[in-house]
Amino acid sequence: MSFLTRLLLLVTLALVPICALEVWNQIDLRRQRSDEIHEHAQQLLSLLGGEQQRLVEGVRQMLELLAETTSAQTLDAAGCQALLTRTAMRIPDYLTVNLTGGDGVILCSTNPLLRGRTVADRMHVRSALESGGFTVGEFIRQRYDDKPAMPFGLPIRRTGEDGRTIGVVTALIDLGWLERYLSEHLLPDNAALMIADGNGIVLAHAPARPGAVGTALPPRFRPLLDADAVGTAQLMGIDGVERVFAYVPLSAGVRHIFVAIGIDHDAAMSGIDDALTRSLVWIAATLLLGLLAAFLIARRHIYQPVAALISATERWRAGDRSAHVGAVDGPEMSRLGLAFDGLVEDLGRQMQAKEEASAALRASEERSRALVENAPHMMWVNRPDGTLEYVNAAFRAYTGRMTDEENRMGDLHPEDVERIQAVRRAAIAAGAAHAYELRLRRADGAYRWHLSRTHPIHHGGRIVAWFGGAVDIHDIHRARDAAEEAGRSKSRFLAAASHDLRQPMQSILLFAEVLRPHLGDGPGLDALGRLQHGLEILKGLLDGLLDISRLDAGIVAPQFEEFRVSDLLRSLDDAYAPVAHGKGLGWRVQPCHAAIRSDRVLLGRMLRNLVENAIRYTDSGGVSVECSVEAGRLLIGVHDTGRGIPDDQIDRVFEELYQVENPERDRNQGLGLGLAIVRRLSDLLDHPVTVSSHPGQGSLFSIAVPLATEACACVPSSGEAAPVEMAPAPPEREGRRLAVVVDDDPIVLAGMESLLHAWKFDVITADSTDLAVERLTLDGRRPDILVVDYRLRDKRIGTEAILRIWDMHDADIPGLIVTGEIGTEPQNDALTHGFDLLHKPVTPRSLAAALGRRLATAEGEARIPVADTAEPPSATL
């Protein structure tokens with residue numbers, strides 16, 4: 001768009017609001033005039049409409065007087081005729097009055113010729129008889145002269161008690177007279193008066209319009225006839241003229257009569273329309289004259305000086321450094337021309353300096369490129385947008401080809417391409433240096449690992465290039481992979497060997513307990529106690545080492561669910577209150593009913609390890625478990641008043657086999673694995689653990705657990721049931737309890753059978769589910785408890801054995817799974833079916849506690865001890 005065009009557009013934009021304002025004023029005047037026409041029509045209607053009401057009211061009063069005369073009350077035809085003959089002399093000749101009996105036959109009339117005729121079929125007669133009130137009829141033609149008339153009717157009621165209707169007195173107004181009467185009124189020029197009945201038949205029109213009376217109004221008048229109130233409307237009249245009508249609908253004024261007065265809209269608006277036309281012509285002329293003046297002035301004083309500036313600029317761009325403008329028309333333009341000349345001189349000097357700087361930069365770039373090209377390591381340079389500009393000789397020698405932007409990803413291992421592109425896109429968008437390991441293809445087709453680093457080069461506050469290099473780390477990478485694989489292999493070996501290590505340990509524990517009844521008081525029983533104590537220490541060490549190996553190997557998979565923390569706190573209270581009290585310590589568990597999301601078993605293991613440490617290292621005072629909500633998480637804290645931990649050793653207590661103030665490795669102070677397991681479970685569950693401790697004052701270990709997303713109503717898990725404290729001796733009962741034991745290890749099976757016999761159980765043993773069902777069928781009794789190993793021969797599991805025995809008897813028989821399995825399948829089955837779950841090796845005390853608890857639940861007793869032993873629950877994953 002040229003400068004002159006823009007100037008004219010600016011002038012147009014300045015004039016358009018003024019013109020628009022004037023047009024709006026004229027339109028507003030026209031609207032006001034239209035409103036005045038509507039108001040004028042309503043005023044005429046109020047003046048002329050009243051006369052119609054007075055006319056109808058006069059007719060009604062006359063008919064009421066006639067209906068009350070003696071002749072009408074007695075239907076005396078002769079007396080009535082005499083009365084109407086006298087009445088005819090006093091009323092106008094346009095009015096005809098008749099009196100009929102109940103059968104519709106005229107008894108008397110102001111026109112004697114009508115006597116004896118029947119009008120029973122006339123609508124106004126029937127309506128008066130049916131409604132019992134004054135009626136304005138519809139358009140009719142009189143039968144004796146075919147003149148149009150507007151009828152009225154009033155029923156004659158017998159005066160007296162019955163008040164029944166005995167006849168009708170009617171009146172007919174000659175519509176020809178009515179039209180003449182209306183035409184005699186002085187109406188404004190271009191105004192018209194119209195009266196119609198309830199059916200829209202024209203009764204009168206002024207000024208008189210031949211053929212209008214008796215015709216139906218067009219359908220466009222129907223909304224006016226049916227309106228609820230007096231109003232105005234603009235529409236085409238019956239004379240073809242657009243009019244503004246003020247009207248009285250059928251439901252207002254005189255019922256069943258429509259009155260309307262219309263004013264010629266175009267004639268009334270002609271003056272204001274002429275003024276609007278003249279105004280628009282004046283506005284258009286003003287706009288055109290303004291544009292013409294602006295064009296002439298701009299062309300002389302603006303366009304020509306600007307053209308001179310443009311011409312000088314084009315000459316300067318073409319290489320004519322001598323191009324100048326000088327002084328032009330007007331002081332402002334002269335200053336602009338002189339400023340342009342000064343700018344040209346400054347640009348000339350700057351261009352010369354820039355050319356010299358560019359030459360120096362090209363020389364520097366050539367030196368830098370030579371350095372990159374001859375560097376012994378693989379290097380490359382990318383453009384500011386990250387696309388490849390060139391690679392050096394070392395890179396070309398390694399790949400054996402000329403790499404460019406089109407084929408650069410062909411140098412990478414296909415498995416690395418997507419990862420590298422994602423890193424590059426993010427780094428280039430952020431303008432940040434980036435590094436990654438990748439495999440580059442050598443000229444012989446072999447891929448070797450390289451470490452690639454790329455850095456941005458900034459100049460003048462922006463990135464002008466990217467410089468990168470790659471170093472061969474293939475041998476380092478292989479050594480690191482080998483070391484990591486060795487560590488994983490070790491962990492996998494320990495995790496996979498847990499079952500084989502736990503089985504013989506389980507047998508030793510069981511048989512050691514079986515020896516107890518066979519030893520009397522003395523050295524033998526004391527030696528057995530020391531043996532069992534050593535076995536328990538060995539069991540704890542084995543459990544800790546295997547658990548750590550399973551966590552390191554990634555075998556443990558958390559099973560997240562939403563449950564109430566009170567389930568775990570109740571287990572801790574039941575299990576460790578006796579232990580704390582036995583050591584003379586105070587014990588308190590703060591009630592908490594918050595719902596959390598975690599793995600019930602693994603979180604319970606973390607809390608048990610922390611509580612056991614707190615009790616072990618607290619000599620006086622007490623231990624408490626507390627809860628609080630902070631930042632959308634539940635903080636479960638284990639607080640003790642024990643020895644405390646020095647600040648420089650807080651991080652080390654989470655290392656394997658590390659213990660504060662126990663350099664001699666006294667096993668009575670634990671094994672140093674509990675907190676290491678807590679740290680690994682914390683990372684696995686994403687439950688941060690924090691420590692606050694002061695030497696000599698105690699410690700506070702806190703676990704941050706996510707709150708449940710919704711309110712949850714959970715029940716305690718059967719797989720994490722609360723441990724019980726055992727009574728000194730089992731109660732006697734009639735008959736021995738029957739236990740079914742299923743285990744594919746003969747030594748464990750024999751040890752379990754001997755131990756249960758010692759605890760006064762009858763025992764059915766089997767190494768498979770089928771054999772257990774067969775022997776139980778032959779026995780015929782209902783078992784009291786089922787103790788099964790989880791992993792049996794032929795890829796079958798102990799869950800099947802419990803379910804099949806339930807099918808034989810009922811599902812109320814308690815089931816207990818004792819397994820060396822380290823996966824999550826036993827936990828899931830226990831939670832699903834309501835079994836108890838113990839991990840091998842299980843001490844006799846833990847087994848007795850589990851049996852007593854399950855039998856108490858099944859037999860409805862408060863608690864059934866099975867053996868005279870008690871200990872905290874076994875803490876295995």
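Quick note: the coordinates plus some simple rules give every number you see, no bench work behind them. Since the model is a prediction, treat every value here as computed from it, not as a measurement. So basically every Cβ, Gly included, is an ideal-geometry build from the backbone, and we count neighbours across all protein chains shown.
When the trypsin sites (Lys or Arg not before Pro) in region 140-200 are filtered for DSSP coil states and for at most 15 other beta-carbon atoms within 10 Å of their beta-carbon, the remaining sites are Arg143, Arg158, Arg164. For region 165-204, the C-alpha radius of gyration divided by 2.2 N^0.38 Å, with N the number of residues, is 1.60.
If the chain linking Thr118 and Glu405 were pulled fully straight, counting 0.36 nm for each residue of separation and taking away their Cα-Cα distance, it would gain 92.0 nm. Cβ under 12 Å from Val241's Cβ, Val241 left aside: what net charge do those residues give with Lys, Arg +1 and Asp, Glu -1? Its environment carries a net charge of -2.
Taking the charge dipole of region 374-472 about its Cα centre, with +1 at Lys and Arg Cβ atoms and -1 at Asp and Glu Cβ atoms, the residue from Gly400, Thr387, His377 reaching farthest to the positive side is His377. The modelled label-to-label distance between Gln590 and Asp28, using points 7 Å beyond Cα along the C-beta direction, is 7.4 nm. Counting only the Cα atoms, region 374-472 fills a convex hull of 89 Å³ per residue. Per-residue extension of 0.36 nm, minus the Cα-Cα distance of Val417 and Ala758, leaves a gain of 115.9 nm for this segment. Label positions at Ile166 and Arg478, each projected 7 Å from the Cα along the C-beta direction, are separated by 13.8 nm. Rounded to the nearest 20 debye, the dipole magnitude of region 63-135 is 220 debye, with +1 charges on Lys and Arg beta carbons, -1 on Asp and Glu beta carbons, and the Cα centre as origin. Could you tell me whether region 125-221 comes out rounded, prolate or oblate from its Cα gyration tensor? Rule is a ≥ b ≥ c as square roots of the eigenvalues, rounded for a/c under 1.5, then prolate if a/b exceeds b/c, otherwise oblate. Prolate, since a/c reaches 1.5 and a/b exceeds b/c.
When the Cα convex hull of region 1-288 is projected onto planes of every orientation, the mean area is 19.9 nm². The ranking of Lys795, Lys147 from fewest to most other beta carbons within 10 Å of each one's beta carbon is Lys795, Lys147.
Here's how it looks for Tyr447: its modeled amide H is under 5 Å from those of Arg442, which are all 5 or more places away or on a different chain. Kindly state, to the nearest 0.05, the FRET efficiency for Asp794 paired with Ala370, given R0 = 60 Å and r defined as their beta-carbon distance. It comes to 0.20. Legend: ranking of residues Phe258, Phe134, Phe761 from fewest to most surrounding C-beta atoms inside 10 Å; resulting order Phe134, Phe761, Phe258. Sort region 737-859 into rounded, prolate or oblate with this rule: let a ≥ b ≥ c be the square roots of the eigenvalues of the Cα gyration tensor; rounded if a/c is under 1.5, and if a/c is not under 1.5, prolate when a/b is larger than b/c, oblate otherwise. It is rounded, given that a/c, with a ≥ b ≥ c, falls under 1.5.
Taking the number of Cβ atoms within 10 Å of each Cβ as an exposure proxy, the fewest-first ranking of Asp812, Asp416, Asp829 is Asp812, Asp416, Asp829. With a Förster radius of 51 Å applied to the beta-carbon distance between Asp683 and Asp770, the computed FRET efficiency rounds to 0.70. Rounded to the nearest 0.05, the FRET efficiency derived from the C-beta distance between Val230 and Trp282 at R0 = 45 Å is 0.65.
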